[in-house]
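The next block holds one structure in the form of structure tokens; read it before the comments.
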Amino acid sequence: MRSVEEHQHIVGELIRPRAAAAVPTAAALGLVLAEDVVAAISLPGFDNSAMDGFAVLDTDIAAAGDATPVTLPVVDDIPAGRTDTRPLQPGTAQRIMTGAPLPAGATTVVPVEGTDADFTTTATQVAIRRATVAGQHIRRAGEDVAAGTAVLRTGQLLTPAALGLVAALGLDRVSTLPRLRVLVMSTGSELVAPGAALEPGQIYESNAVMLSAAVREAGAEAITAPMVRDDPAAFRAALDEHAADADLIITTGGVSAGAYEVVKDALGGQVEFTKVAMQPGMPQGCGRVGDVPIVTLPGNPVSALVSFEVFVRPPLRAAMGLFPDRPRVRATLTEGLTSPRGKRQFRRGVLAGTTVTSYGPPASHHLRWLASANCLLDIPADVDQLAAGAQLDVWDLSGC
């Protein structure tokens, strides 16, 4: 059988990034920059007030205090957004709002709290009871960003704060590594859509829902094709219909050693089907359909999702510039375990701090336990028994 590491390498070689593309800034959350963002303007773009208050000369109010207020005439009003400010004359004040441009000649801003002013009304004069020094409560042009500065670097994740900066620099588009488009196809004549009535021998389809969610959680775009019965011609027709828009195809089911293995029957010669020394998820396959890479996963739900975590998620995220791996921690096992020697076992678990407990049976149809687990225990292929207190590697499924 092929080792987990060998199959990871083969799948990883298939999945490649799309060409960089400019996308609207408002739609770029979670994408990764394909080139540096260089500021074409300074931030702030002009000297402005950091407070609601009065723009004055600091020398005019140097003696101001509660017992010695300095009264000045208020000769102008400057709301945020005003573009036609007038220079400040000595011995006068101009009422100014937070973010409004500082008038030429002003050297300081006195917050409204340091005056007798009622900001809900317009006054012709103001008594200043608190002296402020030159430069106080003023945001200087370029003190945050100087024009020509590279403020975000290639490979940086676009977070809400990063997008706020991009927008503040006036950029309505940004160059990114696009999300990969992943076609998810679920096969099996026994499958019925949730909400429909079940006939004897039928089950509700869950893999497409589960894997499409896993694709989106990984940062990619999921395209879900209708369920396909165990008919190679029908499978191939559905594949051809939907694959043109995909960067990657994921199928589930139809890859084992029994009869009616529709994926094997339809894609023999294009996909290499193999057995991987792991539990769950031994039957695997990968290859290309035309120019589109395809990864064929087993049909049991736990096997499908664990296989996605082990083989698909890391290179999928890497192709979008994202950190590929789940957080890995070394944890102490709270109980003894056995594992099949010769197979690398990924067992469901509950991680609590630095300790981990196995959770549920290891069989690949026990989806309930995986739904409540928060980690995978990574048990090496050459280990068949672990005692309570043993240290082992754990994949934290709650992390990115």
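Looking only at the stretch 173-223, how many residues end up being surrounded by fewer than 20 Cβ atoms within 10 Å (Cβ to Cβ), outside any strand (DSSP E or B) and in contact with an Asp or Glu (Cβ under 8 Å, 6 or more places away or on another chain)?
5
Filter the stretch 82-104 down to residues that are open to solvent by 30 Å² or more (accessible area, probe 1.4 Å) and under 14 Å from Phe46 (Cα atoms), then give me how many there are.
Result for the stretch 82-104: 6.
Take Pro17 and tell me if it is touching a helix residue (DSSP H, G or I) at 6+ places or on another chain (Cβ under 6 Å), within 30 Å of Ser175 (Cβ to Cβ), touching a residue at least 40 places away in the same chain (Cβ under 8 Å) and not β-branched (Val, Ile, Thr).
Judged against the criteria, Pro17 is a match.
Picking from Ala238, Ala161, which residue would you name as being among the hydrophobic types (A, V, I, L, M, F, W, C) and in the same structural domain as Val306 (by the TED database)?
Among Ala238, Ala161, only Ala238 is among the hydrophobic types (A, V, I, L, M, F, W, C) and in the same structural domain as Val306 (by the TED database).
Can you name the residue in the stretch 18-41 that is in contact with an Asp or Glu (Cβ under 8 Å, 6 or more places away or on another chain) and not hydrophobic (A, V, I, L, M, F, W, C) and, of all such residues, is least open to solvent (accessible area, probe 1.4 Å)?
Filtering first and then ranking leaves Thr25.
I'm trying to understand the selection: among the residues of the stretch 45-65, which are part of a loop (DSSP other than H, G, I, E, B) and either within 21 Å of Pro101 (Cα to Cα) or open to solvent by 60 Å² or more (accessible area, probe 1.4 Å) (or both)?
Gly45, Phe46, Asp47, Ala50, Met51, Asp52, Leu57, Ile61, Ala62, Ala63 - these are the residues of the stretch 45-65 that are part of a loop (DSSP other than H, G, I, E, B) and either within 21 Å of Pro101 (Cα to Cα) or open to solvent by 60 Å² or more (accessible area, probe 1.4 Å) (or both).
Among the numbered criteria (1) modelled with pLDDT under 95; (2) touching a strand residue (DSSP E or B) at 6+ places or on another chain (Cβ under 7 Å); (3) open to solvent by less than 40 Å² (accessible area, probe 1.4 Å); (4) not assigned by the TED database to the domain that holds Gly281, which one does Phe346 miss?
(1)
Within the stretch 264-279, how many residues turn out to be at pLDDT 95 or above and open to solvent by less than 10 Å² (accessible area, probe 1.4 Å)?
2
Being in contact with a strand residue (DSSP E or B) (Cβ under 9 Å, 6 or more places away or on another chain) and in a loop (DSSP other than H, G, I, E, B) is the filter here, so list the residues in the stretch 20-44 that pass it.
Residues satisfying the conditions are Ala20, Ala28, Gly30, Leu31, Ala34, Glu35, Asp36, Ala39, Ile41, Ser42, Pro44.
Can you go through Val56, Val37 and tell me which one is of a type in the set (A, V, I, L, M, F, W, C) and either farther than 30 Å from Phe119 by Cα or in contact with a helix residue (DSSP H, G or I) (Cβ under 9 Å, 6 or more places away or on another chain) (or both)?
Of the residues listed, the single one that is of a type in the set (A, V, I, L, M, F, W, C) and either farther than 30 Å from Phe119 by Cα or in contact with a helix residue (DSSP H, G or I) (Cβ under 9 Å, 6 or more places away or on another chain) (or both) is Val37.
Could you tell me whether any residue of the stretch 296-311 is in contact with a Gly (Cβ under 8 Å, 6 or more places away or on another chain), open to solvent by 20 Å² or more (accessible area, probe 1.4 Å), under 30 Å from Arg229 (Cβ atoms) and not polar (S, T, N, Q)?
Within the stretch 296-311 (the criterion being in contact with a Gly (Cβ under 8 Å, 6 or more places away or on another chain), open to solvent by 20 Å² or more (accessible area, probe 1.4 Å), under 30 Å from Arg229 (Cβ atoms) and not polar (S, T, N, Q)), the answer is yes, since at least one residue qualifies.
The values are calculated or read from the model by the stated rules, or taken from the named source; none is laboratory data. The structure displayed is predicted, hence computed values, not measured ones. Ideal geometry is used to build each Cβ from the backbone, glycine not excepted, and the neighbour counts take in all protein chains shown. Heavy atoms of the whole protein, side chains included, go into the accessibility calculation; ligands, DNA and RNA do not. Shrake-Rupley method; radii C 1.70, N 1.55, O 1.52, S 1.80 Å.
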